[in-house]
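The values are calculated or read from the model by the stated rules, or taken from the named source; none is laboratory data. Remember, predicted model here, so these are calculated numbers, not experimental data. Cβ placement follows ideal geometry from the backbone for every residue including glycine, while neighbour counts extend to all protein chains displayed.
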Amino acid sequence: MFTKSTLLGTLIGGIVLNLLGWVFYDSVAASFFEEHALSNMNTEMNPLYISIGSLIIAFAMSNLYKNQKRNYGISSGFTFGVWIGILFGFGLGMVMYGTNPWLDLYATLVDCFWAIVYYGVTGASIGWVYKATHSLKPIKA
């Protein structure tokens, strides 16, 4: 659970989640989501809790990836991340839309598709870390 690969995957995955989320939600698509909001969301975001949540997600993804994959790499990590994106993006996204819609359906679907890319890239970064750390041979003295 706390191997070098898992901890590095958590760190890199958490950084990727933070950076991609910040670029997409705060820069690229900020005005789009503001136009499609169904409720007023003028609350300040707290970067500390966003970072903690990103690290928790990356830690879970690293452990799940380690236990489900044996052929580590960018492509297997991306595929793994896509399935996580489908789970969180479409599954949880549709449940949240059905219970507490804060975006219209169009923006919710855009967010669902973004989740596939978001978690896919994160999974690819975790796969890259696992491949890099498992291909290193210990140096014999």
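The table below lists the values:
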item: Flag if Ser75 is of a type outside the set (A, V, I, L, M, F, W, C) and crowded, with 19+ Cβ neighbours inside 10 Å; result: no
item: Test: residue in the stretch 111-125 that is at pLDDT 95 or above, surrounded by fewer than 16 Cβ atoms within 10 Å (Cβ to Cβ) and in a helix (DSSP H, G or I); result: yes
item: Filter result for the condition that a residue is modelled with pLDDT under 95 and touching a helix residue (DSSP H, G or I) at 6+ places or on another chain (Cβ under 6 Å), over Tyr25, Tyr72; result: Tyr72
item: Identity of the residue in the stretch 126-141, aliphatic (A, V, I, L, M) and at pLDDT 90 or above, that ends up surrounded by the most Cβ atoms within 10 Å (Cβ to Cβ); result: Ile126
item: Matching residues, the stretch 84-109, being surrounded by 16 or more Cβ atoms within 10 Å (Cβ to Cβ), in contact (Cβ under 8 Å) with a residue 24 or more places away in the chain and in a helix (DSSP H, G or I); result: Ile84, Gly85, Ile86, Phe88, Gly89, Phe90, Ala107
item: Residues of the stretch 89-105 satisfying the condition of being more than 21 Å from Gly120 (Cβ to Cβ) and of a type in the set (Gly, Ala, Ser); result: Gly98
item: Condition check for Leu87: touching a strand residue (DSSP E or B) at 6+ places or on another chain (Cβ under 7 Å) and either of a type outside the set (Ser, Thr, Tyr) or within 21 Å of Ser39 (Cα to Cα) (or both); result: no
item: Helices (runs of 4 or more DSSP H) enclosed by the stretch 1-70 - at least 3 residues per element that are touching a Gly at 6+ places or on another chain (Cβ under 8 Å); result: 47-68
item: Selected residue [more than 18 Å from Ala107 (Cα to Cα) and in contact with a Leu (Cβ under 6 Å, 6 or more places away or on another chain)] from Ser54, Ser62; result: Ser54
item: Residue match in the stretch 50-65 (condition: at pLDDT below 95, exposed (fewer than 13 other Cβ atoms within 10 Å of the Cβ) and not basic (Lys, Arg)); result: no
item: Test: Gly14 is modelled with pLDDT under 95 and either among the small types (Gly, Ala, Ser) or exposed (fewer than 15 other Cβ atoms within 10 Å of the Cβ) (or both); result: no
